[in-house]
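> Quick one: the structure is below, questions incoming.
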Amino acid sequence: MLSFAATDPTLSYLEFPYFLRTTQSDLNQMSAVAELVDFYGWKEVTAIYLDDDYGRNAVSALNDKLAERRCKISYKVGIQPGPAKRGEIMDILVKVALMESRVIVLHVTPESGFEVFAIARYLAMMGNGYVWIATDWLSSVLDSASPLPSETMDSLQGVLVLRQHTAESDKKRAFASRWNRLTRGSPGLNSYGLYAYDSVWLVAHALEAFFEQGGVLSFSNDSRIKSIESGGLHLEEMSFFDTGPLLLKNILQTNFVGLTGPFQFNSDRCLIHPAYDIINVVGTGVRRIGYWSNYTGLSTLPPEELYERAPNRSSQQLYSVIWPGETLSKPRGWVFPNNGKQLRIGVPDRASFRQFVSKVRGTDNMFKGFCIDVFAAAVNLLPYAVPYQFVPFGNGHENPSYTDLVNSITTGLFDAAVGDIAITTNRTKIVDFTQPYVASGLVVVAPFRKMNTGAWAFLRPFTPQMWIVTGAFFLAIGIVIWILEHRTNDEFRGSPRQQVMTILWFSFSTLFFAHRENTASTLGRVVLIIWLFVVLIINSSYTASLTSILTVQQLSSPIKGIDSLIKGDEPIGFQVGSFAEHYLTQELKISRSRLKPLGSPDAYAKALRDGPGKGGVAALVDELPYVEMFLSTQCSFRIVGPEFTKSGWGFAFPRDSPLAVDLSTAILALSENGDLQRIHDKWLMQTSCLSDSAEIESDRLHLKSFWGLFLICGIACFVALFIYFLQILHQLCTTPAESVPEGSSSSRSRHLQRFLSLMDEKEDPSKRSKRRKVERALSENDIAGNPERDNKRQMGIQDEQQSSAPVS
């Protein structure tokens, strides 16, 4: 059985082995519809379908394809098969008009479809804001029927229609010309007619191959049927084609180019290269705005051109569309439902920090505060009305759980949530947030005390580690300079006691650039210059830090930040209902037994003043806006350490809510025009403490701030010593060794003694000049066998040996 019209996606060869579909399945058509919906950014559609297997199975496929793109069918309704009933369709469209979605997919028969459009026009549903997408039932009528009545075309203006794509070819044009001569243009050719023509040729090609392979048309009866009581059907008269499997095999293997293009089956027994034209009904005709194929998705290029390229779905595009209402502006695709239902917006009924959000006393659903004013101002910027009502969440005696408030959106209790709701990772997994309207994050608040300078204040600029490393480098530089200068500089020679004192004096006198010893070697001068630069930086940093300590009022706290709390075991306070509890226990792995819930600013202050010893807390962890409000009236506490999380406050909506996107745009507009800052100043501008100029004890100068300088200096010392020892080893190898009497130490000890002796001996400054004079004289005497040359060479060697003798 070959069918060129059965598009039901549930028909499968697995259930019907001898069924072949010689047209495109509705599964591909619904993929095209879903990709079209996603392309324009719509999230919900309304589906009107024929209430039979053809319609129900296609809409089910559409729902699956939309779900793959995080879209959905928000409302679907079926039309009973048979003659169209105006009253039934009128009731259906009235219900559709009350729904939120304005994107309507129509998958029906031509008879009921035209009736739907006529009634929709009567109900003003073919105007601005609506989107109508018709499946290929409409394109088949538009292609095959003679020009439709003007009244019918008027009701179709702006509709998007899908049509099975058939490639343009000379064969197709020649057939269309012959068809028009035969029929005089009525009826015209649609895609189903072209697939019917190719289906006949498919059977012809398969039969030809069948007979060439020796196939025979023979039939036989099945004895199993005779045993079945068939009543008046006479099933026993049925006969079966004996070589059906061979013919089926030839049909599946047939490959030819027909009127519709390449005609071939894939492994799933479906036609290859499914594709659709996307057309727009305009005026008295249609215009094609693009194509869809399962190879590259939406495109303005014909699919047969794209098959020659690598698949690419990243650059999908279509031509402009004239939408219902004769507008080029893309419809938003949704409105607030016109059925009298208001959005139920959950608002936390707070017991503290009521400047942010609080219920007006004596009312049930009226709220005020910073968050409420921001929401109202953003809604006023929307180009449409938003009917809503506030619903309190919590008992008003203690702050509610904001996590439970967000979860109430997913359960359907609320349509949205407005308030001081922190945007966290776990919450974004279940709801969508607007653009943050307040920057927030967790900080640590702790009590402080004023620090006095004291007798040992001069030690505070550096950490102990910095003091140790700096002192070690002073000694190391002194030793390196002594090694490099010992052989050539008399100021670094003398008795062992004198040399040790020289090293110590030279090392620490460089701190004040007061060293009196001169450096004679090149390596020593290079090391000293680099070290003096390091000393300059360290000295300047020390001076600046000490000046700050002695002149600026310093505040000290035993808590330095969140790291101090993690390492310690003191109790930590947090605000009731805040996400801080979850973050401290789940992310930072702090024991829940250390956490103490606090419900108000007064409770904050009392717990911090009492401290761990009196049942209070060592520090408080809360979000920055609350902390700033708390510290505006409490001058005995300060923020310690940096803000260790970055987040913000936003309004929560269900996933894929278009209202969240529009409100985000409105919040950005409030920020740009200054209204957001004015609302902030109205509710949250507080007088600050008189001691705001005081600073928490600044961090000491740590080694990590200077390790680069120390590294450069260390490398310079290492390189200088390496070059110096290479020079010593070179002299050791070129200087002739003295004869050693029998019974002396081993060869290794003799070399070590020579090496140490060479390092300790005084180098004669005139030695190098004498050697250069001898070499110059030898180069000038170019007469071979000149006895003067040998005498001068011998004299030069003797002089060098005499000058190399140890100096006492």
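The values are calculated or read from the model by the stated rules, or taken from the named source; none is laboratory data. The structure displayed is predicted, hence computed values, not measured ones. Using ideal geometry, Cβ is built from the backbone for each residue, glycine included, and neighbour counts are taken over all protein chains shown. Keep in mind that these areas ignore ligands, DNA and RNA; they rest on the heavy atoms of the full protein, side chains included. Shrake-Rupley method; radii C 1.70, N 1.55, O 1.52, S 1.80 Å.
> Roughly what angle does helix 787-803 make with the longest principal axis of the chain, taking Cα atoms, 0 to 90 degrees, to the nearest 10?
Once rounded, one gets 90 degrees.
> For the pairs LYS43/LYS368; LYS72/LYS330; LYS589/LYS682; LYS359/LYS589; LYS76/LYS359, flag any whose C-alpha to C-alpha distance is greater than 30 Å.
LYS43/LYS368; LYS589/LYS682; LYS359/LYS589; LYS76/LYS359
> Express the carbon and sulfur contribution to the solvent-accessible surface of the range 27-161 as a percent, rounded to the nearest whole number, probe 1.4 angstrom.
Ligands and nucleic acids excluded, carbon and sulfur reach 50 percent.
> How far is helix 522-551 tilted off the main Cα axis of the chain, in degrees rounded to 10, range 0 to 90?
Roughly 70 degrees, rounded to the nearest 10.
> Just by accessible area at a 1.4 angstrom probe, what is the order of ARG678, ARG21, ARG56, ARG287 from largest to smallest?
Final ranking, largest accessible area leading: ARG678, ARG56, ARG287, ARG21.
> Under a 1.4 angstrom probe, counting protein chains only, how are PHE651, PHE211 ranked by accessible area, largest first?
Descending order: PHE211, PHE651.
> Once you have a ≥ b ≥ c as the square roots of the Cα gyration tensor eigenvalues for the chain, tell me rounded if a/c is under 1.5, and otherwise prolate or oblate according to whether a/b is larger than b/c.
oblate
> Determine ³J(HN,Hα), in whole Hz, for all residues of the range 465-474 in sequence, where each value follows from phi through the Karplus function 6.51 cos²θ - 1.76 cosθ + 1.60 and θ = phi - 60°; x replaces Gly and Pro.
Along the range 465-474, the couplings run 4, 5, 4, 5, 5, 5, x, 4, 5, 4 Hz.
> Keeping the other protein chains in place, figure out the carbon and sulfur percent of the accessible area of the range 556-692, with a 1.4 Å probe.
54
> May I pose another question? Does anyone have the angle between helix 766-780 and the longest principal axis of the chain? Alpha-carbon axes, 0 to 90°, nearest 10?
Between helix and principal axis, roughly 80 degrees.
> OK, next. Solvent-accessible area of GLU168, probe 1.4 Å, all protein chains present, reported in Å² to the nearest ten, please.
120
> OK, next. Excluding ligands and nucleic acids, what accessible area in Å² is computed for GLU643 using a 1.4 Å probe, to the nearest 10?
50
> Oh, and also: Can you compute the FRET efficiency between SER600 and ASN407 using 1/(1 + (r/R0)^6), with r the Cβ-Cβ distance and R0 = 22 Å? Round to the nearest 0.05.
Given R0 = 22 Å and the Cβ-Cβ separation, E is 0.30.
> Classify the range 556-692 as rounded, prolate or oblate, taking a ≥ b ≥ c as the square roots of the eigenvalues of its Cα gyration tensor: rounded when a/c is under 1.5, otherwise prolate if a/b is larger than b/c and oblate if not.
The shape class here is oblate.
> Can you compute the FRET efficiency between LEU684 and SER169 using 1/(1 + (r/R0)^6), with r the Cβ-Cβ distance and R0 = 56 Å? Round to the nearest 0.05.
With R0 = 56 Å, the Cβ-Cβ based efficiency is 0.20.
> Show ASP662, ASP136 ordered by accessible area, largest first, where the area counts protein heavy atoms only and the probe is 1.4 Å.
Ranked list, largest accessible area first: ASP662, ASP136.
> At 1.4 Å probe size, with the rest of the protein present, what percent of the exposed accessible area of the range 177-294 is carbon and sulfur atoms?
Reported share for carbon and sulfur atoms: 55 percent.
> What pairs in LYS65/LYS172; LYS560/LYS704; LYS65/LYS171 have C-alpha atoms more than 23 Å from each other?
From the list (LYS65/LYS172; LYS560/LYS704; LYS65/LYS171), the Cα-Cα distance tops 23 Å for LYS65/LYS172; LYS65/LYS171.
> Hey, another quick one. Over the range 457-552, what relative contact order in percent results from Cα pairs under 8 Å that are six or more residues apart?
The normalised contact order for the range 457-552 reaches 37 percent.
> Is the shape of the range 169-261 best called rounded, prolate or oblate, per the rule: a/c under 1.5 gives rounded, else a/b larger than b/c gives prolate, else oblate, with a ≥ b ≥ c the square roots of the Cα gyration tensor eigenvalues?
Taking the square roots of the gyration eigenvalues as a ≥ b ≥ c, the range 169-261 is oblate.
> Another question, then. Using +1 at the Cβ of each Lys and Arg and -1 at the Cβ of each Asp and Glu in the range 556-692, identify which of LEU624, PRO597, ALA580 lies farthest towards the dipole's positive end.
Toward the positive end, the furthest listed residue is PRO597.
> Same structure again: Report ARG460's accessible area, 1.4 Å probe, all protein chains in place, as a number in Å² to the nearest 10.
30
> Which of the listed residues, PHE506, ILE104, THR428, is farthest toward the dipole's positive end in the chain, when Lys, Arg count +1 and Asp, Glu count -1 at the beta-carbon?
PHE506
> Between LEU301 and ILE723, how high is the FRET efficiency from 1/(1 + (r/R0)^6) when r is the Cβ-Cβ distance and R₀ = 56 Å? Nearest 0.05.
Efficiency for this residue pair is about 0.20.
> Could you tell me which of GLY214, THR10, GLN731 has its Cα farthest along the dipole of the chain towards the positive end, charges placed at Cβ (Lys, Arg +1; Asp, Glu -1), taken about the Cα centre?
The one lying farthest along the dipole's positive direction is GLN731.
> Still on this structure, please answer the following. Within 10 Å of each candidate Cβ there may be at most 10 other Cβ atoms; applying that plus a DSSP loop requirement, which trypsin sites (Lys or Arg not before Pro) in the range 333-429 survive?
ARG361, LYS429
> For the range 556-692, what does the accessible surface come to per residue with a 1.4 Å probe? Please give it in Å².
48
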